[in-house]
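Student: Dropping the structure in here first, questions after.
Any read-out appearing in this document is the output of simple, stated calculations on the displayed coordinates, not a laboratory observation. For clarity, every value in this text was computed on a predicted model and none was experimentally measured. Here the Cβ positions follow ideal geometry from the backbone for every residue, glycine too, while neighbour counts run over all protein chains shown.
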Amino acid sequence: MSIQKKNQLVGLDIGCHSIKLVEIDYVKSGMALKSLGIAGLPPDAIVEGGIKEIEVVTSAIKNLFKNLKVKNKNVATSISGYSVIVKKISLEKKEESELEAVIYDEAEQYIPFDIKEVNLDFDTLRIANGAEEEEEGEKAAADGTDVMLVAAKKDVVDDYVRLLQAAQLNPMVMDVDSFALQNALELGMGEQKECCAIVNIGAEEIGINAVKNGISLFTRDSSYGGSEITREIMSEFNVPFEEAEKIKLSGTKVEKEKKSLEEIVTSVVSGWVQEIKRALDFVSNTYPDESIEKIYVCGGSCRISGFQKYLEQETAIPVFELNPLENLLISEKMFDMRYIKYMAPQVAVAVGLALRSIGDK
């Protein structure tokens, strides 16, 4: 994986709860972490992927670039959730040039929006088949073309472009969270030959992506996340957002409140695990020949007490924390390694975005 130096981009993950920035440098001995940082956002600045407080978010982005002394203004960012549809479809065998002509007509049946309201992109897939699937694979290749279809609502994409331009940045690549995470997984944990799932637990969203040989089999974004716990704590203990966040991350010192906190966390985490399990069951039913061997978790809420253990217990699949920084060169003079270790699963999307380059499809 290499990118010409002149084409490098800064990875900027704009989430509901915070903005994460990652910059990677390409040096003779490999890839080095150049910049990494996070800026918090107030709870209503971005809601369900929609930018509600553009000035607040613009200011946070500008301050992040300024504080980290990032000079490169060319950025890659991504979107997720209800405004994006990612779907693998099979079409009659066609050349790439022919696909361009028919893709809009074909896509219309898979997209729940008016086709005029979306930006559409696609990529043809080449999936390596095992020996037992060789004959079937050859037949499929002869009969049709597998295509990864991505549709994003134009108004949402335009909002993010305007936001970045207001922050005096150049938006060069608009990606999708699930694809950025695939790149981050490959960088941090190496290429995954077996089927695995990447589960991103954000503030307002759980992203689930089943992947094999670098190809996404299935993606789903669900309206669950760490903010559920925060809201329950605010209600139960009658405290403001900031204090509820502190209680969520560090627990409570008041003995009588500990039981209530445990009940809140257990209830919410149970909901997450059941949603993930439903998605993985769907993958198993859709692809009966595939078996998910590993689950990689990331995102700001993946370390919520008991979550990883309960997920492993309920799915009977080994759960690992995704560390996208594992194989980067990191200067101990420039970075606090304890901070890097703490931040690693939170910056997975931003790392994946930082691996993109100008001119990428």
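Student: Mind ranking 67-74, 240-247 by how tightly packed they are, going by the mean number of other C-beta atoms within 10 angstrom, highest first? Numbers along the way, then the final one.
Tutor: Working: 67-74: 13.5, 240-247: 15.9.
So the peptides 67-74, 240-247, ranked by packing, come out 240-247, 67-74.
Student: Shifting gears a bit: Run lengths n ≥ 4 of DSSP H only: what is the helix-derived mean residue ellipticity at 222 nm for the chain, with -39500 (n - 2.57) per run over all residues, to the nearest 500? Don't skip to the end; give the middle numbers.
Tutor: Numbers: 11 runs with 139 residues, N = 361.
So the helix-based figure for the chain works out to -12000 deg cm²/dmol.
Student: Hey, how many Å between the Cα centroid of region 74-125 and the Cα centroid of region 179-242?
Tutor: Result: 23 Å between the Cα centres.
Student: Sticking with this structure for a sec: Give me the net charge for the shell around Y342: Cβ to Cβ below 11 angstrom, other residues only, Lys and Arg +1, Asp and Glu -1.
Tutor: On the way: positive: R303, R338, K341; negative: D336.
Net of charged neighbours comes to +2.
Student: Under the rule of at least 5 residues apart or a separate chain, name every residue whose amide H is placed under 5 Å from the amide H of L217.
Tutor: A210, V211, K212
Student: Would you list, by chain and number, the lysines whose Cα falls below 19 Å from the Cα of K153, excluding same-chain residues fewer than 8 positions away?
Tutor: Filter leaves K52, K87, K88, K116, K361.
Student: Please report the net charge: other residues with Cβ closer than 12 Å to the Cβ of S291, K and R +1, D and E -1.
Tutor: Around S291, the charge tally is -2.
Student: Give me the dipole magnitude in Debye, nearest 20, for region 152-261 about the Cα centre, with unit charges on the beta carbon: positive for Lys and Arg, negative for Asp and Glu. Present the calculation step by step, with values, prior to reporting the outcome.
Tutor: Values: 13 positive and 19 negative charges, 45 e Å.
Result for region 152-261 is approximately 220 debye, rounded to the nearest 20.
Student: Can you return the aspartates and glutamates within cross-link range of K333? Criterion is Cα-Cα under 20 Å, with same-chain partners fewer than 8 residues away left out.
Tutor: Counting by Cα, and skipping residues close in sequence, K333 has these aspartates and glutamates nearby: E23, D25.
Student: So which GluC sites (Glu not before Pro) in region 14-96 are both in a DSSP loop and have at most 13 other Cβ atoms within 10 Å of their Cβ? Intermediate values should be presented prior to the final figure.
Tutor: Working: sites: E23, E48, E53, E55, E92, E95, E96; in loops: E48, E53, E95.
Within region 14-96, the qualifying GluC sites (Glu not before Pro) (loop, at most 13 other Cβ atoms within 10 Å) are E48, E95.
Student: Further, regarding this structure: Work through the residues other than V211 whose Cβ is under 12 Å from its Cβ and net out their charges, Lys, Arg +1 and Asp, Glu -1. Intermediate results must be reported in sequence, preceding the final value.
Tutor: Values: positive: K88, K193, K212, K294; negative: E186, E191, E194, E290, E293.
Taking every Cβ under 12 Å from that of V211, the sum is -1.
Student: Still on this structure, I have one more. Using 18 Å as the cut-off for backbone N distance, which residues of region 170-191 belong to the label zone defined by a point 7 Å from the Cα of T286 along Cα→Cβ?
Tutor: 176-182, by backbone N distance to the label point.
Student: 5 Å is the cut-off here: which amide hydrogens, built 1.01 Å from N in the peptide plane, fall below it relative to I46, excluding neighbours closer than 5 in sequence?
Tutor: Sorted by chain and number, the residues that satisfy this are K52.
Student: State the answer as a single residue: which of G352, P318, V102 lies farthest towards the positive end of the charge dipole of the chain, with beta carbon charges of +1 for Lys and Arg and -1 for Asp and Glu, about the Cα centre.
Tutor: With unit charges placed on the Cβ atoms, the residue in question is G352.
Student: Got the relative contact order for the chain handy, in percent, Cα pairs under 8 Å and 6 or more residues apart?
Tutor: Numbers: 630 pairs, mean separation 80.3, N = 361.
Rounded, it is 22 percent for the chain.
Student: A further question follows. Go through 183-190, 272-279 and give me the packing order, highest mean Cβ count within 10 Å leading. Write out the running numbers ahead of the final one.
Tutor: Working: 183-190: 20.9, 272-279: 17.9.
By packing density, highest mean first, the sequence is 183-190, 272-279.
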